[in-house]
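Enquirer: Could you have a look at this structure, given as structure tokens, before my questions?
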Amino acid sequence: MYKVSIPALVLAGLLAVPEPAWAFRCGNKLVVDGDSAEHVLSRCGQPAEKSSYIALRPPIIWYGSRPVRVPGDQIEVKVETWIYNFGPQKLMQRVRLEAGIVVDVQALGYGHP
């Protein structure tokens, strides 16, 4: 009988997923949670709209593409929302960045010319 480790099963499951729900494509390039603002700009260019504010957040460290909370007082973090409009044939995308890192991606309605 074969022994299979839990990490191996998890890794196999992750590899089987073709594209995460928290991602979007700019042409043939993928943008996912954990990407830097510079990475998004290099793949997608400037967004059609930008807004920002300062929020208090618990301190985190990034473990791969996943944020992990660490002990400590809340810190001020710049939160940015970028809207990408790819035209009327594609869905617009809302990208939320905290401290220059993508933390959320949401598809919106179809774009406009």
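None of the figures in this text is laboratory data; all of them are computed from the coordinates on show. Owing to the predicted nature of the structure, the values given are computational and were not obtained by experimental measurement. Note that each Cβ is placed from the backbone with ideal geometry, even for glycine, and that neighbours are counted across all protein chains shown.
Enquirer: For residue 78, give me every one of the aspartates and glutamates with a C-alpha distance below 16 angstrom, ignoring sequence neighbours fewer than eight places off in its own chain.
Expert: 35, 38, 98, 104
Enquirer: How large is ³J(HN,Hα), in whole Hz, for each residue of region 54-59 in order, when computed from phi with the Karplus curve 6.51 cos²θ - 1.76 cosθ + 1.60 and θ = phi - 60°, using x for Gly and Pro?
Expert: Once θ is set to phi - 60°, the couplings for region 54-59 become 9, 10, 8, 9, x, x Hz.
Enquirer: Taking the Cα centre as origin and putting +1 on Lys and Arg beta-carbons and -1 on Asp and Glu beta-carbons, what dipole magnitude results for region 19-111, to the nearest 20 debye?
Expert: So the dipole magnitude of region 19-111 works out to roughly 220 debye.
Enquirer: Can you tally the net charge around residue 104? Count Lys and Arg as +1, Asp and Glu as -1, for every other residue whose Cβ sits under 12 Å from the Cβ of residue 104. Before the final figure, lay out each step's value.
Expert: Values: positive: 94, 96; negative: 33, 35, 80, 98.
Here the charged neighbours net out to -2.
Enquirer: Got a sec to turn the phi values of region 29-44 into Karplus ³J(HN,Hα) couplings, 6.51 cos²θ - 1.76 cosθ + 1.60 with θ = phi - 60°, whole Hz, x for Gly and Pro?
Expert: These are the phi-based 3J(HN,Hα) values: 10, 9, 10, 9, 3, x, 5, 7, 4, 4, 5, 4, 4, 5, 8, 10 Hz.
Enquirer: What net charge is computed for the residues neighbouring residue 67, neighbours being all others with C-beta under 14 Å from the C-beta of residue 67, Lys and Arg scored +1, Asp and Glu -1? Walk me through the numbers before you get to the answer.
Expert: Working: positive: 57, 66, 69, 96; negative: 33, 35, 98, 104.
Spelling it out: positives minus negatives among the neighbours equals 0.
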